[in-house]
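First the structure, in the form of structure tokens, and then the observations on it.
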Ligand code: FES
Ligand code: FES
């Protein structure tokens with residue numbers, strides 16, 4: 001039997017298989033298109049939490065991240081979306097006193113909790129001390145990472161005050177203030193403009209630890 005004959009037969013077999021498979025795929029695709037459709041509002045979850053001191057009630061797709069709930073549903077666009085998967089820290093907000101990446105958590109997980117965003121820390125007329133220090137020390141250039149840096153810095157100083165150790169802590173019995181501590185604790189907040197020295201200077205000022 002020649003290889004020529006074999007390849008013709010192979011081709012015929014393949015063609016036959018294709019003739020069966022293609023309609024089957026089309027049929028399956030057709031079925032998918034005819035699948036049940038959600039009615040408006042169906043599959044949504046009611047969520048209530050406090051944002052910047054204000055109680056909010058939302059109807060959300062349970063897959064909505066806290067970041068999207070803040071930006072898209074509450075129009076609090078001070079919180080930034082950088083990477084949207086936990087790598088840059090631009091989306092940092094404070095929930096129940098702890099800083100978190102709002103892109104990595106679902107809004108429905110924060111039912112009844114208290115969320116503070118950059119808009120809740122201060123206003124242009126009444127700046128939070130950390131906001132003022134960032135301005136004084138030029139702790140930003142483009143400003144995209146800045147809301148996350150400021151929220152993170154505020155909660156981070158609370159962590160130090162509470163004696164929460166970091167990977168840079170030498171003596172777990174006494175959390176000492178140092179640039180190494182600050183850099184480690186702020187390492188989840190990336191600044192592509194590399195304003196890091198000025199950010200550290202701003203945080204030091206607020207902590208009352210400015211260098212002479
Ligand atoms: Fe959340 Fe980058 S947007 S960590
Ligand atoms: Fe531009 Fe930080 S100021 S990314």
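If you rank 152, 178 by fewest surrounding Cβ atoms within 10 Å, what's the result?
In increasing order of surrounding Cβ atoms, one gets 178, 152.
Regarding the range 130-212, what are the three Cα extents along the principal axes, ordered largest first, in Å?
Sorted from largest, the Cα extents of the range 130-212 read 39, 26, 18 Å.
Would you mind pulling out the separation of the Cα centroids of the range 141-188 and the range 69-97, in Å?
19 Å
Would you calculate the separation in nanometres between label points at residue 164 and residue 75, each defined as 7 Å from the Cα along the Cα-to-beta-carbon direction?
For residue 164 paired with residue 75, the spin-label model returns 3.3 nm.
Please arrange 49, 134, 177 by counting, for each residue, the other beta carbons lying within 10 Å of its beta carbon, fewest first.
177, 49, 134
Could you work out how much longer the chain between residue 173 and residue 125 gets when fully extended? Use 0.36 nm per residue separation minus the Cα distance between them, nm to one decimal.
Using 0.36 nm per residue and subtracting the Cα-Cα distance, I get 13.3 nm.
Mind sorting 205, 96 by how few other Cβ atoms lie within 10 Å of their own Cβ, fewest first?
In order of increasing Cβ crowding within 10 Å: 96, 205.
Enter the mean projected area of the convex hull around the alpha-carbon atoms of the range 56-212, in nm², rounded to one decimal.
One quarter of the hull surface, i.e. the mean projection, equals 9.8 nm².
Since every read-out is calculated from the coordinates, none of them should be taken as a lab result. On a predicted model such as this, the values are computed, not experimentally measured, just so you know. Every residue, glycine among them, receives a Cβ derived from its backbone with ideal geometry; neighbour counts consider all protein chains shown.
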